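Working notes, beginning with the structure itself.
The values are calculated or read from the model by the stated rules, or taken from the named source; none is laboratory data. Note that the structure is a prediction, hence the values are computed from the model and not measured. Every residue, glycine as well, gets a Cβ built from its backbone with ideal geometry; the counts of neighbours run over all protein chains shown. With ligands, DNA and RNA removed, areas are computed over all heavy atoms of the protein, side chains included. Shrake-Rupley method; radii C 1.70, N 1.55, O 1.52, S 1.80 Å.
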Amino acid sequence: MTRVTLLALLLILAWPALLRAADPVELEVTGIGGDALKNVRQALALPYGMVREHTVNRLWLDRFAVESAGKVKTALEPFGYYHPRIVTSIEEPARGRFVLRVAVDPGPPVLVEAVDIALTGAGAGERGLKELVAAFPLRRGSLLLQQEYEAAKARLKARAQELGYLDADFTRHALRIAPGERSARIEITLETGDRYFFGAVRFEGATGYPDPYLRRFIAFKAGDVFSYGKLGETQLNLANSERFREILVTPEKEAAQDHRVPVLVKVRPVPRRTIRPGVGFGTDTGPRFTVRFRDLNLFHAGNDLDVTLYAAQLLQGLASRYTIPSSRDLKSSTSVQLNLQQEDITAYTSRLVAVELDRNRSFGRGELGTVYLRVQQENFTIGNQNSGSRLVLPGIRFSTDHFDNLIRPTRGYRFALDLRGTHTFLGSTVGLAQAIAETNLMLPLPWRLSLHMRGKAAGTLLADPLSDVPPSIRFFAGGDQSVRGYSYQSLGPRDATGQVVGGRDLLVGSIELERALFEKWGVSAFFDVGNAYNDLSTMTLAQGAGVGVHYYTPVGGINLYLARRINEPTGHYYIHLTVGFQL
């Protein structure tokens with residue numbers, strides 16, 4: 001180690017002591033510790049101006065020392081010490097340098113002798129309020145902690161307001177401590193007042209949007225018990241619609257009649273039509289360029305037209321969706337999709353035209369069911385086979401998901417099930433039935449760790465040879481969201497020439513352990529396993545393992561993985577790059 005490095009290290013280690021030595025007034029507090037000491041030190045912070053140009057105003061310091069006893073007493077009360085003995089003194093060990101010594105004898109803490117909590121008014125019988133009273137944290141014999149007392153009071157009042165008692169307030173709230181005594185009495189009376197309900201809702205600023213469409217975002221109905229939580233949920237629904245840049249949901253309590261509170265919703269819409277170009281990269285498809293056109297209010301009915309033109313190294317096409325929202329709820333809708341796609345990868349080449357009609361219905365928060373009919377024409381080359389197929393494919397989907405954060409989740413789950421099938425009497429060139437199930441699970445662990453698990457299983461019943469099934473309906477494995485360490489769609493049964501041609505069934509699983517670093521970074525280690533197959537008894541499990549680095553941005557995570565194939569003589573390494581929240 002060089003002299004310069006050693007000197008720098010000594011300066012870093014000694015820097016806190018040098019800073020303290022440079023302070024002309026040192027504070028020394030004895031007799032207490034922990035949070036009480038921390039609170040006292042904060043209370044005794046020197047006022048601005050007492051020290052100017054390293055010179056102490058001695059008269060001010062003397063006055064501050066006299067006042068310190070009162071400051072310390074107040075700082076100790078939240079911890080139950082109401083009768084401390086405090087001695088302050090000032091020493092001057094060197095000219096212009098002072099030590100303010102504060103010796104504290106906190107004495108015995110004050111204990112709660114009695115608790116008297118009463119509920120009055122229309123809500124006195126509410127079960128939720130009675131439970132909070134019964135669970136009041138300070139009881140006879142408890143240490144008198146002001147912070148717990150104030151927090152418990154606040155919870156009681158907040159709960160009353162959550163139940164619709166907007167005028168709830170304390171007509172009595174007292175901590176009675178007799179001078180010189182070491183016991184306290186708590187006396188609280190909460191008057192709930194009358195209960196309030198939601199009244200009519202009116203919108204301002206949402207020109208062009210029909211009233212039935214706007215009311216889909218309202219999380220309550222007229223006559224429901226008033227709730228500030230429902231107002232917040234309404235604001236969040238409007239914000240998530242991507243249609244409004246400014247949203248203000250205001251209860252007009254002063255205009256309430258018969259305890260019904262009208263609500264005013266002011267919004268400022270975003271531009272109705274947008275065109276957004278984009279560039280990106282994914283190891284599954286290579287570099288890509290996209291252009292997205294969106295009309296958020298087609299025919300002034302709240303209908304959504306979304307058209308994306310994309311061109312990547314391995315995938316090009318046009319994806320369009322026209323959505324008619326349902327007045328039933330936010331997630332229910334009817335949509336029509338048109339997809340034109342050309343895909344050219346190692347395993348196959350495919351040209352696809354598809355039209356799909358969907359009917360979506362929400363079954364609650366995070367649960368969505370879909371009945372659909374898909375009609376597609378696909379021409380493809382796979383292995384040594386050039387062919388084409390037509391499918392009229394009805395099906396049903398169900399999904400449920402919940403994550404604590406869509407940008408950087410630490411806890412949550414997702415499950416999806418897709419059942420579909422067709423037959424030649426529907427006009428298809430092949431008959432089949434398929435089931436596809438996917439699940440993702442994320443669990444938080446100690447030490448800023450999180451465990452990510454995902455799995456996918458699929459099976460096919462065929463009435464015709466697999467060679468008649470187009471590649472978009474067959475199953476392959478490998479890639480960013482499959483078995484990492486292998487390229488996209490590179491795993492599956494092979495034909496007589498050794499080329500991958502896909503399989504009837506699929507089984508893939510993954511486990512990944514991530515450690516959060518700093519505010520926006522993370523590192524992980526993972527293991528993936530699975531393959532596509534035609535016969536489970538002859539299935540070969542491909543395995544990949546590696547490490548990842550993650551950087552989280554406001555639009556999602558940037559995930560870089562280095563993966564290695566396991567149990568292969570070559571042991572290839574493969575880099576995977578994804579953007580966004582993906583499991």
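Quick notes on this structure:
- As a length-normalised measure over Cα pairs under 8 Å and 6 or more apart, the relative contact order of region 216-258 settles at 32 percent.
- Scaled to the globular estimate 2.2 N^0.38 Å, the Cα spread of region 184-240, given as radius of gyration, is 1.66.
- Hull-based mean projected area of region 393-509, where the convex hull spans the alpha carbons, in square nanometres: 9.0 nm²
- 22 Å Cα-Cα threshold exceeded, pairs from K230/K331; K230/K266; K71/K153: K71/K153
- The H on the amide N of F226, modeled in the peptide plane, is under 5 Å from the matching H of Y196, F197, F198, each at least 5 residues off or on a different chain.
- Using alpha-carbon coordinates, inclination of helix 34-43 to the longest axis of the chain, degrees: 70 degrees
- Cα point-scatterer Debye curve for region 360-449, base-10 log of I(q)/I(0) at q = 0.14, 0.16, 0.23 Å⁻¹: -0.70, -0.80, -1.10
- Estimated dipole of the chain in Debye, rounded to 20 [Cβ of Lys and Arg +1, of Asp and Glu -1, Cα centre]: 520 debye
- Region 301-390: trypsin sites (Lys or Arg not before Pro) in DSSP coil with no more than 12 other Cβ atoms inside 10 Å: R328, R365
- Per residue, the convex hull spanned by the alpha carbons of region 303-376 comes to 109 Å³.
- For region 265-398: rounded, prolate or oblate by the Cα gyration tensor [a/c cutoff 1.5]: oblate
- Built amide H within the under 5 Å cut-off of R172, gap 5+: T189
- Cα gyration tensor shape of region 468-519, rounded if a/c is under 1.5, else prolate or oblate by comparing a/b with b/c: prolate
- Dimensions of the chain based on its C-alpha atoms, expressed as ranges along the principal axes with the largest first, amount to 97, 82, 46 Å.
- Here the accessible area of region 167-254 is 48 percent carbon and sulfur, with a 1.4 angstrom probe and all protein chains present.
- For the chain, the solvent-accessible area of protein heavy atoms averages 54 Å² per residue (probe radius 1.4 Å; ligands and nucleic acids excluded).
- Global form of region 521-560, assessed from the alpha-carbon gyration tensor, a/c cut-off 1.5: prolate
- For region 441-560, the alpha-carbon coordinates run over 54, 24, 22 Å along the three principal axes, in decreasing order.
- For region 293-449, the relative contact order is 12 percent, taking Cα pairs closer than 8 Å that sit 6 or more residues apart in sequence and dividing their mean separation by the residue count.
- Region 84-161 - percent of accessible surface contributed by carbon and sulfur, probe 1.4 Å: 50 percent
- Protein heavy-atom surface of region 300-360, 1.4 angstrom probe: 60% of the accessible area is carbon and sulfur, with nucleic acids and ligands not counted.
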